[in-house]
Amino acid sequence: MSRPYETIKTKKEQTTTWITLNRPHKLNAINATMLQELSEALDTTEKDNKVRCVIITGEGKKAFSAGADITELHKLTHKTAAELSRKGQQVFSQVETLSKPVVAAINGYALGGGLALALACDFRLASIDAELGSPEIKLGIIPAWGGTQRLAKIVGVAEAKRLIMLGDRVKAEEALKMGLVDKVVPPNKLEAETEALAQRLCEYPPAALKYAKHAINSGTQASFEYGLKKETEFFAQLFLTKETKERIESFISQRNKKEGDC
Ligand code: COA
C-alpha cells in the first residue's frame, strides 16, 4: 500500500493508475516533495502487475503544471542546482523507462518542468485551452529536467530552440501541428478520451508494449545521457551568475507584492 501523499493523488481504476499533481493553488508547481512523491508513486506502479497503463494529469482546470516551484530556486547554489537537476532528470527518466505506457492528460498550462514531465510520457493528450512552453529563459535559466533533450527529440531542433531560447508559449492546436501533443480535445472530454486511449493500450500484451517502448527509447539513449549531463552542468553554472538570481528574486517579490496588495 502506498502512503498518503501531500502533493499528488493516485487512483487505481481497473488496470489504469491515475497520478494527479495536486497543488492547484500553485498551478501544480513541482517542488522537491512532489518530485519525491512522484518517484515513489511510479515505483509502486511499476511493481503492481495489475496496472497496465499510467495517466498523469494536474488537479484543477487551470494547469497540468506550471513547472518547477520557483520559490525553491532562489536559494540554489552551483552544487544544489546540479543536485536538483539530477533529481528531476532521474524521476522523469523513471516515467520514460516505466515498463508500462504513460499518458499525459494536459488539462491547462504545461510549462517548464511541467512540459518536461509531459515530454517524458509516451502519449500527450491536451485540452484545447492548454498552453505549452518552456519559459525558463525568462528567469535566466534553462530546462534542467530533461527538457532540452526531449523537446528537441520530439519536435526537432528548430522548434525546440524557438520554445527554449525565446520562451514562446504555444496553444494546444499549434502544439498539435508541431507534434508536441498527439491529440487535442474539448476540456470536458479530456478525461474520457484519455481513458479510452489507456483502454486501447491495456488491450495489448504488456511485454510487447514494454519492449516497443524500450526499443524506441534506447535508439537515441547514448547521446541522450551525454545531453543530460551537459544540461545539469549548464543549469548549475547559471546559479553562479547574478542575473539568474535577480530574475528569480524579482518573480518572487512581484508575487509577494501582489499578495500584500490584496
Ligand atoms: N512556481 C511557484 N509558484 C508558481 C509557479 C511556479 N512555477 N507558477 C505559478 N505559481 C503560483 C503563483 O505564484 C500564484 O501563487 P499565489 O496565488 O500564491 O501568488 C499561483 O501559482 C497562481 O499563479 P498566477 O501567476 O497568479 O496565475 P496567472 O494565471 O496570472 O499566470 C502563469 C499563470 C502560468 C502564466 C504564471 O503563473 C507563470 O508565469 N508561472 C511561472 C511559469 C514558469 O516560469 N515556469 C518555469 C519555472 S522554472
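None of the figures in this text is laboratory data; all of them are computed from the coordinates on show. Values in this document were obtained by computation on a predicted structure and should not be read as measured data. Every residue, glycine among them, receives a Cβ derived from its backbone with ideal geometry; neighbour counts consider all protein chains shown.
When the Gaussian network model of the chain links Cα atoms closer than 10 Å, the mean-square fluctuations of Ala32, Ala68, Ala81 top out at Ala32.
Each principal axis of the Cα cloud of segment 1-130 was taken in turn, and the coordinate range along them, longest first, works out to 43, 32, 25 Å.
Might you report the magnitude of the Cβ-based charge dipole of segment 109-156 about its Cα centre, with Lys and Arg at +1 and Asp and Glu at -1, to the nearest 20 debye? Each step should come with its number before you reach the end.
Values: 4 positive and 4 negative charges, 33 e Å.
So the dipole magnitude of segment 109-156 works out to roughly 160 debye.
Counting beta carbons within 10 Å around each of Glu203, Glu173, Glu193 and listing the fewest first gives the order Glu203, Glu173, Glu193. Largest mean-square fluctuation among Gly60, Gly108, Gly88, in a Gaussian network model of the chain whose springs join Cα atoms under 10 Å apart, belongs to Gly60.
Of all aspartates and glutamates in the structure, the ones whose alpha carbon falls short of 17 Å from that of Lys61, not counting any fewer than 8 places away in one chain, are Asp129, Glu131, Glu191, Glu193. In straight-distance terms, cross-link reach from Lys242 covers every one of the lysines whose alpha-carbon lies under 17 Å from its own, apart from those fewer than eight places away in the same chain; here that gives Lys75, Lys79, Lys138. By the count of neighbouring beta-carbon atoms within 10 Å, fewest first, Phe239, Phe224 end up ordered Phe224, Phe239. Considering only beta bridges that DSSP places wholly inside segment 90-197, some 25 percent are antiparallel.
Measuring between their Cα centroids, segment 211-261 and segment 75-111 lie 10 Å from each other.
Taking the number of Cβ atoms within 10 Å of each Cβ as an exposure proxy, the fewest-first ranking of Ile216, Ile30, Ile70 is Ile216, Ile70, Ile30. Dividing the summed -39500 (n - 2.57) terms of all DSSP H runs of n ≥ 4 by the residue count of the chain sets its mean residue ellipticity at 222 nm at -16500 deg cm²/dmol.
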